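Below is one structure, written out as structure tokens, with a few remarks after it.
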Amino acid sequence: MYLEKHIYIGAMFDFKKVTGKIEIKIGDREIPVNFNKVSCIVEQAAYWRKENAIHNWFVVNVQKGEDDCGRYYVSKENIETLLTLVNKVLKNHALAAKLLPTQSGFFFGSTDFDEYYFEGLEYTKTVLEEAIKCESDEFYYHSSW
């Protein structure tokens with residue numbers, strides 16, 4: 001489960017005056033990248049494993065019920081809404097089943113509201129707080145099984 005941050009730079013447009021250089025190697029092999037053709041840089045904003053309540057929230061609220069491992073745009077409002085729910089559940093654990101219910105399924109891990117569930121919410125809170133600070137960047141959620 002991933003939250004990607006897409007940073008638009010538009011290096012292909014001279015008027016943007018974007019400068020830089022990209023040097024990438026995988027092992028000893030150089031990967032050629034023409035910086036002047038780079039429109040966007042993608043960073044991994046979050047990586048979750050077995051956080052089925054978070055995945056369930058994205059499926060219901062962002063993916064319109066389609067759990068298809070697709071890549072879906074996540075609006076700032078989506079991020080703010082999820083952060084509000086996470087904060088409510090962290091403040092009052094009794095709200096977990098109602099606000100951020102777990103989901104069973106293949107590779108989904110435990111459905112208990114245990115210490116791992118709440119540790120996952122703490123991580124999610126940190127990620128979402130950082131994402132809210134990113135004014136012009138776009139975010140996308142996707143999962144892969």
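Below, the figures for the structure above:
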| quantity | calculated |
| --- | --- |
| Check on Lys91, of a type outside the set (Gly, Ala, Ser) and free of Cβ contacts under 8 Å to residues at least 40 places away in the same chain | yes |
| 2 or more residues surrounded by 12 or more Cβ atoms within 10 Å (Cβ to Cβ): qualifying strands (runs of 3 or more DSSP E) within region 1-112 | 2-8, 40-47, 71-74 |
| Out of Glu122, Glu130, sole residue that is surrounded by fewer than 18 Cβ atoms within 10 Å (Cβ to Cβ), farther than 15 Å from Glu4 by Cα and among the acidic types (Asp, Glu) | Glu122 |
| Any hit, region 79-87, residues being in contact (Cβ under 8 Å) with a residue 60 or more places away in the chain and under 17 Å from the mean Cα position of the chain (by Cα) | yes |
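Each reported figure results from applying straightforward, stated rules to the coordinates on display, with no laboratory input. These figures come from a predicted structure and were not determined experimentally. Positions of Cβ are backbone-derived with ideal geometry, glycine not excepted, and every protein chain shown enters the neighbour counts.
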